[in-house]
Amino acid sequence: MLAKDTEGRAPDRRRSRPAVAVLLVFAVLTLAAPASADPFGVGGSSTGWLADNHDHDYCWSTNFTWTSLQNIADDAMDYLESSTDFSGGSHQSCNSGTDVYFQRFNTTAYRGQYQCDDRNGNECDNADVRISSNTSTLPSSERAKTTCHEVGHSAGATHHSSGYGCMVSGTSTVETYWAHTRNHMDDLEVATS
Ligand SMILES: [Zn+2]
């Protein structure tokens with residue numbers, strides 16, 4: 001895209017300025033690039049499968065009865081919709097077409113977990129997002145990070161190192177997506193690097 005934009009620009013007397021601007025943008029992109037590869041929608045140990053569309057419906061499984069957990073799940077879905085092209089998703093009774101099943105699990109080993117239960121190629125029709133009962137005792141920002149992270153997997157996102165949003169593994173209070181991750185979510189296309 002940068003190259004196309006530069007080619008399309010009519011030469012003028014300020015020709016050197018765009019060149020400087022392009023160099024600066026390139027430098028910023030280089031600095032912002034995560035240390036790891038950036039796959040999207042390809043599954044595996046650190047990446048979610050691709051959502052089937054931008055309509056991301058969700059439901060509470062029978063054990064997801066704690067209001068404290070329901071509230072942060074609602075917030076995470078609202079945030080996904082307000083910050084990306086995901087929209088139109090709604091809270092509903094669980095059925096075979098629901099995209100995200102929220103579940104509570106009783107473990108201290110993980111705060112959250114994502115798993116696709118019904119997959120067609122790279123597209124996931126039903127994903128489980130499990131939130132540990134243990135998170136109810138955490139500071140709210142750490143809980144929000146966990147739901148942001150697992151919902152991010154359900155939208156196809158992969159792990160990033162610290163400083164690139166809530167897709168970092170482990171303890172964090174960052175409850176937002178990195179802009180690059182949001183671009184992937186908006187594109188809704190498989191990316192392998
Ligand atoms: Zn993860």
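Numerical summary
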| item | result |
| --- | --- |
| Counted residues, segment 129-155 - those being more than 8 Å from the chain's Cα centre (by Cα) and either among the hydroxyl-bearing types (Ser, Thr, Tyr) or under 12 Å from Tyr114 (Cβ atoms) (or both) | 12 |
| Every residue from segment 70-88 that is hydroxyl-bearing (Ser, Thr, Tyr), modelled with pLDDT of 95 or more and either outside any helix (DSSP H, G or I) or within 16 Å of the ligand (Cβ to nearest atom) (or both) | Thr84 |
| Single condition Ser161 does not satisfy, out of (1) within 13 Å of the ligand (Cβ to nearest atom); (2) of a type in the set (S, T, N, Q); (3) surrounded by 14 or more Cβ atoms within 10 Å (Cβ to Cβ) | (3) |
| Among the residues listed as Cys116, Cys148, Cys124, the single one being closer than 19 Å to Ile72 by Cβ and assigned by TED's automatic domain parsing to the domain that holds Asp75 | Cys148 |
| Any hit, segment 89-101, residues being at pLDDT 95 or above, within 16 Å of the ligand (Cβ to nearest atom) and out of contact with any Cys (no Cβ under 6 Å at 6 or more places or on another chain) | yes |
| Residues satisfying the stated conditions in segment 40-69, i.e. over 12 Å from the mean Cα position of the chain (by Cα) and part of a strand (DSSP E or B) | Val42, Tyr58, Cys59, Trp60 |
| Selection from segment 101-121 of residues that are touching a residue at least 60 places away in the same chain (Cβ under 8 Å), under 18 Å from Val151 (Cβ atoms) and either surrounded by fewer than 16 Cβ atoms within 10 Å (Cβ to Cβ) or hydrophobic (A, V, I, L, M, F, W, C) (or both) | Cys116, Arg119 |
| Test: residue in segment 136-149 that is surrounded by 17 or more Cβ atoms within 10 Å (Cβ to Cβ) and assigned to a strand (DSSP E or B) | no |
| Residue list for segment 166-180, filter: more than 12 Å from the ligand (Cβ to nearest atom) and touching a residue at least 12 places away in the same chain (Cβ under 8 Å) | Thr171, Thr173, Val174, Glu175, Thr176, Tyr177, Trp178, His180 |
| Subset of segment 141-158 [under 22 Å from Pro39 (Cβ atoms) and not hydroxyl-bearing (Ser, Thr, Tyr)] | Lys145, Cys148, His149, Glu150, Val151, Gly152, His153, Ala155, Gly156, Ala157 |
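The values are calculated or read from the model by the stated rules, or taken from the named source; none is laboratory data. Being a predicted model, the structure only gives us computed values, none of them experimental. In this analysis, Cβ positions are derived from the backbone assuming ideal geometry, glycine residues included, and neighbour counts consider all displayed protein chains.
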